[in-house]
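**Student:** The structure follows.
The values are calculated or read from the model by the stated rules, or taken from the named source; none is laboratory data. Please read all numbers here as calculations on a predicted model, not as lab measurements. The accessibility values were calculated without ligands, DNA or RNA, using every heavy atom of the protein model including side chains. Shrake-Rupley method; radii C 1.70, N 1.55, O 1.52, S 1.80 Å.
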Amino acid sequence: MRPLSTQEFNLFKTLIFDIAGIDLKDNKKTLVSSRLQKRLVHYSLNTFGDYFALLNADKSGAEKQVMVDLLTTNETYFFREPAHFDFLVDVLHHRPAGGHFRIWSAASSSGQEAYSMAMILADKLGKVPWEVVGTDLSSRVLETARTGLYSMIRTEGITKDYLRRFCLKGSGPHEGELLIIPELRSRVTFTHANLNDVLPNIGQFDVIFLRNVMIYFNDDTKRAIIKRILERLKPKGYLIVGHSESLKGLTDSVVAVKPTVYQLQDS
């Protein structure tokens, strides 16, 4: 197998940008090589150029989805960046009575963020109707999310009370794992969405988490994505981004209510 050349890297760099708007930096060449070489082995190919040609010849798009799954990073864990979940609790405490509360995890990865939301909503809203929607570009991580089965290693963010009420401890072949209880899983829907393309018809939301994903886009792509996202936010709804991200210079439609938390203005 020949090493990934700079010319070949640039082909994949352009392709992932065209598909997903992800702006791969030049220092990601080693990552691209290590993650895609297994597909060369799978197809008995000698060069990354041969694999790129195979991608272009694949009319079904299935192999391109495999490539996207391999090249997208999906680092997440339960109750990541706790201040945002504290803010969600505050929103729930001050919301008007009644109504159907909907929240969107727009880059849900393998589902820990969406289930963290669901635990809070189940705890704080009681019989008030609510729903969590999780979307991601990677079909692979969405399959994990739908199962609700996770390693116990990265569950330190879940309180003992929430572990008792919303999680089942694995035994036997599932020793060291936990399963989100069926009642909670039934309130969370996961679906594929490319934020850089037309969004699926998933309705309007009171709160949207769009965290730790804009770092992969250039400013033009960010502006287009934010515009699409805000079209899904209810009036006076909240958009929450990651602690290393900001909407400054990207939109005039929101006001900052605290660092990384924005509220949609009246039109």
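**Student:** Report, by chain and number, residues whose modeled amide H sits under 5 Å from the one on Val254, excluding near sequence neighbours (fewer than 5 apart, same chain).
**Tutor:** Long-range HN contacts for Val254: Gln265.
**Student:** I want to verify a result. In a Gaussian network model of the chain, Cα cutoff 10 Å, which of these has the top mean-square fluctuation: Pro182, Pro173, Pro235?
**Tutor:** Pro173
**Student:** Explain nothing, just the number: relative contact order of region 75-156, from Cα pairs under 8 Å at least 6 residues apart, as a whole percent.
**Tutor:** 37
**Student:** Return the sequence-ordered ³J(HN,Hα) values of region 38-54 in whole Hz as given by the Karplus equation 6.51 cos²θ - 1.76 cosθ + 1.60 applied to θ = phi - 60°, using x for Gly and Pro.
**Tutor:** 3J(HN,Hα) across region 38-54, in whole Hz: 5, 6, 5, 5, 4, 9, 6, 9, 9, 9, 5, x, 5, 5, 4, 5, 4.
**Student:** Ok, one more. Counting only pairs 8 or more residues apart or on different chains, how many lysine pairs in region 1-147 have their Cα atoms under 19 Å apart?
**Tutor:** Step by step, the pairs that qualify in region 1-147 add up to 10.
**Student:** Check Glu177: other-chain or 5+ apart residues with amide H under 5 Å from its amide H, H built from backbone geometry?
**Tutor:** Met152, Gly170
**Student:** Return the aspartates and glutamates within reach of Lys169: Cα separation strictly under 12 angstrom, same-chain partners fewer than 8 residues apart disregarded; answer none if there are no such residues.
**Tutor:** Within the straight-line limit of under 12 Å, Lys169 reaches these aspartates and glutamates: Glu177.
**Student:** While we're looking at this one, here's another question. I want to verify a result. In a Gaussian network model of the chain, Cα cutoff 10 Å, which of these has the top mean-square fluctuation: Ala57, Ala122, Ala145?
**Tutor:** Ala57
**Student:** Something else now. On the Cα set of region 227-267, report Rg and Dmax in Å, please.
**Tutor:** Calculated on Cα positions, Rg and Dmax stand at 9.4, 28 Å.
**Student:** Continuing with this model, one more query. With a 10 Å cut-off between alpha carbons and a GNM built on the chain, which of Arg102, Arg35, Arg211 moves the most?
**Tutor:** Result for the chain, Cα springs under 10 Å: Arg35 fluctuates most.
**Student:** A follow-up question, please. Work out from phi, with θ = phi - 60° and the Karplus expression 6.51 cos²θ - 1.76 cosθ + 1.60, the ³J(HN,Hα) of each residue of region 135-147, listed in order in whole Hz, and give x for Gly and Pro.
**Tutor:** Coupling constants for region 135-147: 10, 7, 6, 8, 5, 5, 6, 5, 4, 4, 4, 5, 6 Hz.
**Student:** What number does the chain give for Rg over Rh if you use C-alpha atoms and the Kirkwood radius?
**Tutor:** My calculation puts Rg/Rh at 1.00.
**Student:** Now for a separate question. Of all beta bridges DSSP finds with both residues in the chain, what is the antiparallel percent, to the nearest 5?
**Tutor:** Roughly 40 percent of the DSSP beta bridges within the chain come out antiparallel.
**Student:** Continuing with this model, one more query. Could you estimate the translational diffusion coefficient of region 1-86 from the Stokes-Einstein equation, with Rh from the Kirkwood formula over C-alpha pairs, at 10 °C and 1.306 mPa s, in whole µm²/s?
**Tutor:** Rounded to a whole number, D works out at 112 µm²/s.
**Student:** Let me ask something additional. Kindly sort Tyr150, Tyr77 by accessible area of their heavy atoms, largest first, with the probe set to 1.4 Å.
**Tutor:** So, going from the largest accessible area down, we get Tyr77, Tyr150.
**Student:** Shifting gears a bit: Once neighbouring chains are kept in place and the probe is 1.4 Å, which whole percent of the accessible area of the chain is contributed by carbon and sulfur?
**Tutor:** Here it works out to 52 percent.
**Student:** Per residue, how big is the convex hull of region 135-222 when only Cα atoms are used? Give it in Å³.
**Tutor:** Once divided by residue count, the hull of region 135-222 is 144 Å³.
**Student:** Roughly how many Å² is the accessible area per residue of the chain, as a whole number, for a 1.4 Å probe?
**Tutor:** Per-residue value: 50 Å².
**Student:** Now, a different point. Please list 3J(HN,Hα) in residue order for region 229-234, calculated via the Karplus relation 6.51 cos²θ - 1.76 cosθ + 1.60 where θ = phi - 60°; whole Hz, with x for glycine and proline.
**Tutor:** Values, residue by residue: 4, 5, 5, 9, 9, 5 Hz.
**Student:** Before anything else, pin down the relative contact order of region 1-61: Cα pairs under 8 Å, at least 6 apart, normalised by residue count, whole percent.
**Tutor:** Here the relative contact order equals 42 percent.
**Student:** Also, I was wondering about something else. Taking the chain as the reference, fit the longest principal axis to its C-alpha atoms, fit the long axis of helix 82-94 to the helix C-alpha atoms, and give the angle between the two in degrees, 0 to 90, nearest 10.
**Tutor:** Long axis of 82-94 versus the principal axis of the chain: about 40 degrees.
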